[in-house]
Amino acid sequence: MNKLQIKKVGVLSYAKITAVLCFIIGLLLGVIYFFVAVVFGAMLMGVGGRGGAAAGGFSFVYGLIMLIMFPIIYGAVGFISGALGALIYNLLAGMIGGIEIEVENVY
């Protein structure tokens, strides 16, 4: 087995990967949040009267906005935190050494 050490991480490439992963997580959470808001809105509409219908419609619109905003916000925060994490890793790896991994050739 060969030992290798990760000396440096590409800041932009790591930030992009982190952004996409966080975007996907934000999309999944946005879908869940949207369906919860739709169900809640439907329950409010069932209460009856204009107030219930207005609150139910607002709940739907709010859920739709969150469905759009969650992935965007999560992706942006993921990009920034990924870039900062890579910069900090590169700084620390230069001082104390990088992460060691063992690799083996498989035929």
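Read-outs throughout are calculated quantities, based only on the coordinates presented, and are distinct from any laboratory measurement. Because the structure is predicted, anything quoted here is derived from the model rather than measured.
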Once both axes come from the Cα atoms, what is the angle between helix 49-96 and the longest principal axis of the chain, in degrees from 0 to 90, rounded to 10?
-> 10 degrees
Helix-derived mean residue ellipticity, 222 nm - over the chain, DSSP H n ≥ 4, -39500 (n - 2.57), to 500 = -29500 deg cm²/dmol
Reduced Cα scattering model of the stretch 13-93, Debye log10 I(q)/I(0), q = 0.26, 0.27 Å⁻¹ | -1.00, -1.04
Where does helix 11-47 land angle-wise versus the long Cα axis of the chain, in degrees 0 to 90, nearest 10?
-> 20 degrees
